[in-house]
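Some notes on the structure that comes next.
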Protein chains: 2
Amino acid sequence: MYRTNTCGELNINNVGQTVTLCGWLQRSRDLGGMTFIDLRDRYGITQLAFNMETNAELCEKARRLGREYVLQAVGTVIERSSKNSKIPTGEIEIEVRELNILNESKTPPFTIEDSSDGGDDLRMKYRYLDIRRNPVRCNLELRHRMAMLVRNYLSNQDFLEIETPMLIKSTPEGARDFVVPSRMNPGEFYALPQSPQQYKQLLMVAGMDRYFQIVRCFRDEDLRADRQPEFTQIDCEMSFAEQEDVLDMFEGLAKHLFKEVKDLDFGAFPRMTWHEAMRLYGSDKPDIRFGMQFVELNDVAQGRGFSLFDGAELVVGINAEGCADYTRKQLDALTDFVKRPQVGAGGLVYVKYNADGSFKSSVDKFFDQNALHAVADKFGAKPGDLMLILCGPAMKTRVQLCSLRLEMGGRLGLRRPDQFAPLWVIDFPLLEWDEETQRFYAMHHPFTAPKPEDEALLDQPDRWGDIRANAYDIVINGVEVGGGSIRIHDRVLQNKMFHALGFSDEKAYEQFGFLLDAFSYGAPPHAGLAFGFDRLCSLFGGADSIRDFIAFPKNNSGRDVMSCSPAPISQQQLDELNICVKQ
Amino acid sequence: MYRTNTCGELNINNVGQTVTLCGWLQRSRDLGGMTFIDLRDRYGITQLAFNMETNAELCEKARRLGREYVLQAVGTVIERSSKNSKIPTGEIEIEVRELNILNESKTPPFTIEDSSDGGDDLRMKYRYLDIRRNPVRCNLELRHRMAMLVRNYLSNQDFLEIETPMLIKSTPEGARDFVVPSRMNPGEFYALPQSPQQYKQLLMVAGMDRYFQIVRCFRDEDLRADRQPEFTQIDCEMSFAEQEDVLDMFEGLAKHLFKEVKDLDFGAFPRMTWHEAMRLYGSDKPDIRFGMQFVELNDVAQGRGFSLFDGAELVVGINAEGCADYTRKQLDALTDFVKRPQVGAGGLVYVKYNADGSFKSSVDKFFDQNALHAVADKFGAKPGDLMLILCGPAMKTRVQLCSLRLEMGGRLGLRRPDQFAPLWVIDFPLLEWDEETQRFYAMHHPFTAPKPEDEALLDQPDRWGDIRANAYDIVINGVEVGGGSIRIHDRVLQNKMFHALGFSDEKAYEQFGFLLDAFSYGAPPHAGLAFGFDRLCSLFGGADSIRDFIAFPKNNSGRDVMSCSPAPISQQQLDELNICVKQ
């Protein structure tokens, strides 16, 4: 090795030792008689000391070095005169007697500091410099650690990691596939997997009993903020398991991660049905770090002559505790917030429960103090609180109120990144109606099993929307970090499901034939779950964006600005692949 | 869970317990008064017992079940009357009192036995049934175990597993890329990585110090036997490391695997230069489980009037110990072997060292007993040995003799799959001349560093073929399981290398620009290695083919016959991707 030690490990116990260190020049300070260099590697920073008096030549050499030069320094560990208690190596420095420049560096386009002066675009273009910064490095270290924890945990639970193919068959159901032209089979294409769903089910048919894989998946979607065309899943499946077993197993995994990474202990994760989550939070992934549950007000709000309320399917609100002193300006801002196209509400009704016990609202014309008191009672509000009310079509209004609730939670500091509130959302609807294409879609995927007590409804097309699935999501802090379901292992039931999804037998067989064939050779009951690993890491890292938990992410146009990818390919490549680009 | 126990864990200590087991019907035997079913899951086999006398109805039910039915059985663990010492559960059976059919099965197209009656094609089409067979299941379990061992070992050595992108930029240098059309960037393409080479070097520039990844790679080659278009590498890179450090580190990993998986201990792995390997074995991946090293015979073989020898650049042979009694027929078979087009020799000369001390050869006309004795002395042969000799252009003849040596090793049972002979081959040539395109190619890849003492030769084009690289392969039993090199971290040297490879500055920058840019911001000295993980697993599994160590492999046309992939895609998909298929 070029070094005897890393830049993070020497301390007062090493004083007197001769060492060789390698690293990057983080910072240098010329104090006249002395020059100090902070030498940085992945493990830490160690101070190199050069003395003008004892070795002028070497000191001069040290002074000429620029930021991010790669250096090798040989010297003796000595105790520092002015110690730095903030870093583990802060009590010592290296009295350097030999200094080698292993590589020079141009001046980096931004500083390699925790708070960099590089904007997002610059950081992405020079990602290899960005990763040198502590925050990004720590994220990647966290990701490695979490992957190791997950693998060892699942392996100890008899799960086998089995690699499934990346070059698979395109199945138009679901999101758009990335495809790969086959040179050896002209006119034919592979697809990159959106998930190993079918393969993991085949592995259950194959008797592998418990499977997992930390696996790259691909989705050719129009990228919204913080979506990546390639992403990583912790993909799991187990045989002979019921819903309770799956929830237990992966709640165990989540608790293990919380304990090991965050030193946090949790009791049983709360569970909530999808309907309850929608009713109380207007979301299938409620952030339960804070309360502010929805209160439905039709009985106290309607029949008072306020036509917006009277004509609404649902009047519903939240109680912002202690916010009765909100100013006109603050209330206007909230109204503006709910009227934004992203939220889409027509307006906002407020009711202030003043400290003196009186009420003030934006609907005083229709609601006298008694009527407002009745509203406040529904909320369980107390003097000092502010009630915020929306109305309209039930589901739409709930979703709007969800935005307002999260906004208020944010304003009130109730969404702390260092607090974790996990939750299971269960009993999702099996099928979801799509207005545009006028058909039902599988809410999870076509292999999700209905709840046994709802199975009969598959024979009643008018009730399809009411069928509940044995499907579940794990939600942490309002983020869906994982989801899964009990799978259909019975061919007859699977056929009914395809029928509900509008697949002819032929079309179903064309797309999923090999899976259906497999099911006729003794498929065991099985169930699974997949975590979004990028998201899980960012959550544990206390960040909103997944991008800094991916070493080389793509931007919102699916481009890697560092390598300038994608890019045109040569005519020869196109010819070999038997394809052409449309002009 | 549908079960209380697996089919592999109950034994005499569980007698009297009530248990519920799930699994597949492996075999059923109707003995009149009793019916026995072998119930199989991933963990083992447990015998279910049904008694006609005590429960005729249940026994009748059991008799009607077919192979591979999925069953759930509730009953009591009892001691068997006739024990089976071959399986861990062989002392007990389950007296069944409740039997549920969880799923039926069609009769499988081949038997689910260690030696199946399914041919390769059938096994691949029904891979989910094939995996139920012990040998395939064990291979996948071994693969999981080896991946865990590798990850934990490297993680303990401060390597971080960092995921690199799968959608990258196409670089025409090297093998053919699989490409992925970008819908959002019409006319542009991603490539799937042939290896994460550039990204792992960028991670070194990024200061990550030690990186690894068990990662899928892709190569669109015409598939030879036992090549897969997608394959898995253990990809590693480390900074501030010299060749010795890399060899030490990964020799340590290999030893760890041998110890944990095979309980084998090794001393230091032998090392051999590429030139030595070619001279002694005619191969850069010699199988050193057996000796039979090449002996060069020009001095004793030439000048005797045998024109084939006299005109040859090299006369070289091997000594097959104890084979002097080979018959005419056996010798003819060996001659036929070397004359096969795959080997390509013109003929074979033999010299028998008879037990009585006399010699018999196919060149007796030119070689008297004394001359043959001189040949035998070169070989260090003793009575009873058989010397086999080829001649011709040096390198070509060595490669031919390599085939013969391996053939003889096979015939003599010297290539035992349960014996392991690891070896480092070092000092590979940096550049390799290609007759067809009349240019040099990088033997490893364009970032491999020359040996410092050979660096100056880069300025002498006529000496380019002599430059040795700081490159190394790890070879086990004649299989190259891994390889790597010290990388060039100096931009000037890298430019010289590109020059030798015939790249203009523009072309080099176009293809590798971001890497070259990165190198100008303080690239540390670094080096790496990648293991072929599929191959490593098959070697540890004692098998020749990698296919059964991959859950869902493709055939030699790159097809997955189970899912019928690749396949045509819809016109809509083509249109969205802005490409068309040539007619």
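The mean sequence separation of alpha-carbon pairs under 8 Å and at least six residues apart, normalised by the residue count of region B:12-103, gives a relative contact order of 33 percent.
Working note: 222 nm ellipticity from helices only, DSSP H runs with n ≥ 4, each -39,500 (n - 2.57), summed and divided by the residues of chain A, gives -8500 deg cm²/dmol to the nearest 500. Rounded to the nearest 10 degrees, the angle from helix B:394-411 to the longest Cα principal axis of chain B is 30 degrees. 3J(HN,Hα) along region B:352-360, derived from phi through the Karplus expression 6.51 cos²θ - 1.76 cosθ + 1.60 where θ = phi - 60°, amounts to 8, 9, 5, 4, 7, x, 7, 10, 9 Hz, with x in place of Gly and Pro. Per residue of B:348-361, other chain Cβ atoms within 10 Å of the residue Cβ number 0 on average.
When Cβ neighbours within 10 Å are restricted to other protein chains, what is their mean count per residue of peptide A:134-147?
3
Annotation for A:V15, label-to-label distances across the other copies: 7.1 nm (shortest first, one decimal, point 7 Å from Cα along Cα→Cβ).
Here the 3J(HN,Hα) profile of region A:138-146, calculated from phi with Karplus coefficients 6.51, -1.76 and 1.60 at θ = phi - 60°, is 4, 4, 5, 5, 4, 4, 4, 5, 5 Hz, Gly and Pro shown as x.
Once C-alpha pairs closer than 8 Å and six or more residues apart are averaged by separation and normalised to the residue number of chain A, the relative contact order reads 13 percent.
Measuring with a 1.4 angstrom probe and ignoring ligands and nucleic acids, B:V96 comes out at about 10 Å² accessible. Derived scalar couplings between HN and Hα for region A:199-215 equal 5, 6, 5, 4, 5, 5, 4, 6, x, 6, 6, 9, 10, 9, 6, 8, 9 Hz in order, rounded to whole Hz, by the Karplus curve 6.51 cos²θ - 1.76 cosθ + 1.60 (θ = phi - 60°), x for Gly and Pro. Taking amide H atoms as placed 1.01 Å from N in the peptide plane, the amide H of A:R227 has no partner under 5 Å among residues 5 or more positions away or on other chains.
For B:R27, the residues 5 or more places off, or on other chains, whose built amide H falls under 5 Å of its own are B:D38.
For B:E113, no residue has an amide H sitting under 5 Å from its own, ignoring neighbours fewer than 5 places away on the same chain, with H placed 1.01 Å from N. Relative to the longest principal axis of the Cα atoms of chain B, helix B:328-339 runs at roughly 80 degrees.
Using a 1.4 Å probe on protein heavy atoms, which residues of region A:156-173 have at least 20 Å² less accessible area in the complex than alone? Listed by number, the residues meeting the 20 Å² cut-off are A:D158, A:L160, A:E161, A:I162, A:E163, A:P165, A:M166, A:L167, A:K169, A:S170.
Between copies, B:T107 shows label-point distances of 8.2 nm, shortest first, with the point placed 7 angstrom from Cα along Cα to C-beta.
With a ≥ b ≥ c the root eigenvalues of the C-alpha gyration tensor of region A:12-103, is it rounded (a/c under 1.5), prolate (a/b larger than b/c) or oblate? Because its axes are fairly even, with a/c under 1.5, region A:12-103 counts as rounded. For chain B, the longest principal axis of the C-alpha atoms and the axis of helix B:491-500 are separated by about 80°.
Only protein atoms count toward the accessible area here, which uses a 1.4 Å probe; on the protein assembly as shown, the carbon and sulfur part of that area reaches 47 percent.
Each Lys and Arg contributes +1 and each Asp and Glu -1, all at the Cβ; summed about the Cα centre of chain A, the dipole is approximately 1700 debye. As a length-normalised measure over Cα pairs under 8 Å and 6 or more apart, the relative contact order of region A:396-551 settles at 21 percent.
Accessible area ranking (1.4 Å probe, heavy atoms, ligands and nucleic acids excluded), largest first, for B:T46, A:T335: A:T335, B:T46.
If we count GluC sites (Glu not before Pro) as exposed when they sit in a DSSP loop and have at most 11 other beta carbons within 10 Å, what is the longest stretch of chain A that avoids them all? Intermediate results must be reported in sequence, preceding the final value.
Values: sites that count: A:E53, A:E435, A:E436.
Here the longest segment lacking exposed loop sites spans A:54-434.
Protein heavy-atom accessible surface, 1.4 Å probe, per residue over region B:12-103: 46 Å².
Beyond 31 Å in Cα-Cα separation lie the following of the pairs B:K554/B:K582; A:K125/A:K329; A:K451/B:K554; A:K259/B:K86; B:K285/B:K382; A:K285/A:K352: A:K125/A:K329; A:K451/B:K554; A:K259/B:K86. Accessible surface buried at the A:B interface totals approximately 11200 Å², computed with a 1.4 Å probe on protein heavy atoms.
Ordering B:L516, B:L406 from largest to smallest accessible area (1.4 angstrom probe), what's the sequence?
B:L406, B:L516
For A:E60, inter-copy separations between label points set 7 Å beyond Cα along the Cβ vector come to 10.7 nm, shortest first.
Shown are A:D473, A:D158, A:D222, whose ranking by accessible area with a 1.4 Å probe and every protein chain present, most to least, is A:D222, A:D158, A:D473.
The values are calculated or read from the model by the stated rules, or taken from the named source; none is laboratory data. This is a predicted model, so every value here is computed, not measured. Because the Cβ atoms are built from the backbone with ideal geometry, glycine has one as well, and the counts that use them run over all protein chains shown. These area figures cover heavy atoms from the full protein model, side chains too; ligands, DNA and RNA do not enter into them. Shrake-Rupley method; radii C 1.70, N 1.55, O 1.52, S 1.80 Å.
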